[in-house]
Amino acid sequence: MKITFDPTQGLIVIPTRLHGLHTDTIVRLALDTGATNSMINWDVAILLGYDPASSKERIQVTTGSGVEFAPRIVVEKVEVIGRSLENFPILCHTLPPSATVDGLLGLDFFRGVCLVVNLQEGLITLGDCEH
């Protein structure tokens, strides 16, 4: 599968469908190959029907402001660029008001597939790699 993006802009923002306990919604996640774990804004988790505050699992995260511990929830399903993963663990963190995205799409979503980011053409391809 492929999607396009504007290579002249800063962040690469990928529309992502999240399925939760109460509803599903499309959010704007920044492609972040420097992030080990995917993350969504705390408010998005609540909208989907999750309570991050009640999560027993906290993961250490290094942010621009230091080291913090973020709750991890398990989202029923995540759909991106034709790939669908069920029971996907994702971190919850309150993003600053200036953030133009609802979270980050990290390496954990792309493990085991071929991710090609063509910065010249503004094209992301996801699938099996041919050798």
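In this entry, LEU123 passes the filter for residues that are surrounded by fewer than 17 Cβ atoms within 10 Å (Cβ to Cβ), under 23 Å from PRO7 (Cα atoms) and in contact (Cβ under 8 Å) with a residue 60 or more places away in the chain.
Among the residues in region 104-112, are any in a strand (DSSP E or B) and either within 10 Å of the chain's Cα centre (by Cα) or not aliphatic (A, V, I, L, M) (or both)? Within region 104-112, one or more residues are in a strand (DSSP E or B) and either within 10 Å of the chain's Cα centre (by Cα) or not aliphatic (A, V, I, L, M) (or both).
The set of residues in region 51-76 that are touching a residue at least 24 places away in the same chain (Cβ under 8 Å), touching a Phe, Trp or Tyr at 6+ places or on another chain (Cβ under 9 Å) and more than 17 Å from LEU107 (Cβ to Cβ) comprises PRO52, ILE73, GLU76. I'd like the residue in region 50-88 that is outside any strand (DSSP E or B) and hydroxyl-bearing (Ser, Thr, Tyr) and, out of all such residues, is surrounded by the most Cβ atoms within 10 Å (Cβ to Cβ). Across region 50-88, the extreme among qualifying residues is TYR50. So which residues in region 16-50 are free of Cβ contacts under 8 Å to residues at least 24 places away in the same chain and within 12 Å of VAL78 (Cβ to Cβ), if there are any at all? Residues satisfying the conditions are THR25, ILE26. Annotation: SER38 fulfils all but one of (1) over 21 Å from VAL117 (Cα atoms); (2) in contact with a Phe, Trp or Tyr (Cβ under 8 Å, 6 or more places away or on another chain); (3) surrounded by 11 or more Cβ atoms within 10 Å (Cβ to Cβ); the unmet one is (1). Considering (1) surrounded by fewer than 16 Cβ atoms within 10 Å (Cβ to Cβ); (2) at positive phi, the lone condition that PRO96 does not fulfil carries the number (2). For region 12-45, filtering for residues that are assigned to a loop (DSSP other than H, G, I, E, B), over 9 Å from the mean Cα position of the chain (by Cα), of a type outside the set (S, T, N, Q) and closer than 22 Å to GLY127 by Cα leaves 3. For ARG17, state whether it is touching a Phe, Trp or Tyr at 6+ places or on another chain (Cβ under 6 Å) and loosely packed, with under 15 Cβ neighbours inside 10 Å. No, not satisfied.
Only the coordinates and a few stated rules stand behind these numbers; no lab work does. What you see is a predicted model, and the numbers here were worked out from it, not measured in a lab. A quick note on method: Cβ atoms are made from the backbone with ideal geometry, for glycine too, and the neighbour counts reach across all protein chains shown.
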